[in-house]
1. Using +1 at the Cβ of each Lys and Arg and -1 at the Cβ of each Asp and Glu in the chain, identify which of Phe91, Gly40, Val289 lies farthest towards the dipole's positive end.
2. Under a plain spin-label model, where a point goes 7 Å from the Cα along Cα-to-Cβ, how far apart in nm are Ala239 and Val122?
3. For Lys31, go through the aspartates and glutamates and keep the ones whose alpha-carbon is under 19 Å away, minus same-chain ones fewer than eight residues off.
4. Residue separation times 0.36 nm, minus the C-alpha to C-alpha distance between Ile83 and Glu53: what's the value?
5. For a test of the definition: using alpha carbon positions, the gyration tensor, and the 1.5 limit on a/c, classify the chain as rounded, prolate or oblate.
6. For the pair Glu385/Lys129, report the inter-label distance in nm, with labels modelled 7 Å from Cα in the Cβ direction.
7. Just tell me which lysines come within less than 18 Å, Cα to Cα, of Lys105; anything on the same chain fewer than 8 places away is out.
8. Place a label point 7 angstrom from the Cα of Ser219 along the Cα-to-Cβ direction, then list the residues of region 186-211 whose backbone nitrogen is under 19 Å away.
Amino acid sequence: MNNFTFYNPTKIVFGRGTVSQLGGLMEPYGKKVLLVYGGGSIKRNGLYDRVMEQLRSVGAEVHELSGVEPNPRLTSVHRGIEICREHGVEFILGVGGGSVIDAAKAIAAGVPYEGDVWDFYVRKARVQKALPLGAVLTLAATGTEMNGNSVITNWETREKRGAGSIHMYPKFSILDPELTFTVPTDQTANGIVDMMSHVFEQYFSQTMDTPLQERFCESILKTVIENGEIALREPDHYAARANLMLCATYALNGGMISVGVEDDWASHGIEHAISAFYDIAHGAGLSIVFPNWMKYVYRERIDRFVQFAVRVWGIDPAGKSDEEIALAGIEATRDYFTRIGAPATLGEVGIGREHLDEMAEHAVRFGPIGRFRKLEKDDVKAILEMAL
Ligand code: NZQ
Ligand code: ZN
């Protein structure tokens, strides 16, 4: 195990009806609020009215940024920053999925910064301060509700990049599983793939002697696998939705499950490159990339892939070689993603080989990616070819 520091400042308020605590939670941070939300799901399911009631109950002056896109765009972030500066906004509230909350984080960091907020995403500057922000989460997937990451797309330059900072952790996040009952089937599946992928990025590691971290990862994966199928069959199954929500939050919350472990993140780099060019859902991209990444790298540490197959997927090792067990685990991953309706090939989401080279270039723009196995541009291209 490696040395580590772990610190996570986000307060989590979890459970049925917890939106009623919103007013009290945000009161310490000021009355001038920017409410950030997406394309209208919160209006259709009544959450908008409940949030407004809370904001009114504490006498907040509310400004709104609506229409934040899935794969949120820099142009929306710029609009949000302008509104904040014009009205002296003191607190940002994101109500929605990962895209909305990531945009809220970018706005929070962009307001006090003199340059262009995009600097944080292309490694020209680091976030030194941000307005305080809070979240009401409506989709279990990214973990953004309890981490300091934000992923934004600059559609003009065809770049999708992430930034991370301790200043972008939400002060609080309200996680009411009932708010996810209305998430459509495809987005529920995308969320399942995303949370599992976050675990994979931390589980497939070269770091030795980390049994607790490995078992944390395996427990989350098993819990997601079981509850994912229930939530897809019965969208308003409270326990399944609650378990998924908790798994997503634990899977990527500043590294709690992988303290002292060297993580990978190459598959995320490849997915971001794909959705920078094609605007596909993040989880859909990961469903295509991850099993192919696994096939490309598993020989680097076959023991970890054997453990994954046996402990997570229950593959019976009797009479099989390590190679066969490892491949059976990868196949089981692919089958599960397919069973829940997530795509397996780039062709299925309408992507051909036109931009393969540029996507590979995007993935390695700041140098080779991945730490389980370091990938150069040709490796990324090979994985994309496998995914066609
Ligand atoms: O825009 P609205 O109308 O709200 O609809 C959204 C959107 O169309 C809808 N939705 C959300 N909650 C709903 C709902 N529909 C009905 N009922 C509800 N309760 O779902 C659609 C997708 O929402 P989105 O926020 O885009 O999904 P997700 O949470 O998967 O976020 C994806 C974004 O997060 C980034 C991804 O790259 C992508 O840009 N990521 C952020 C990370 C982070 N900050 O830590 C890590 C991840 O690896 C990821 O990169
Ligand atoms: Zn992800």
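1. Result: Phe91.
2. Placing both labels 7 Å along Cα→Cβ, they lie 5.1 nm apart.
3. Asp49, Glu53, Glu61, Glu64, Glu82, Glu86, Glu90
4. 8.6 nm
5. prolate
6. Here the answer is 5.2 nm between the modelled labels.
7. Counting by Cα, and skipping residues close in sequence, Lys105 has these lysines nearby: Lys11, Lys32, Lys124, Lys129, Lys160, Lys171.
8. 195-204, 209-211
The values are calculated or read from the model by the stated rules, or taken from the named source; none is laboratory data. Keep in mind that what you see is a predicted model, and the values were worked out from it rather than measured. Positions of Cβ are backbone-derived with ideal geometry, glycine not excepted, and every protein chain shown enters the neighbour counts. Surface areas here come from the heavy atoms of the whole protein model, side chains and all, with no ligands, DNA or RNA. Shrake-Rupley method; radii C 1.70, N 1.55, O 1.52, S 1.80 Å.
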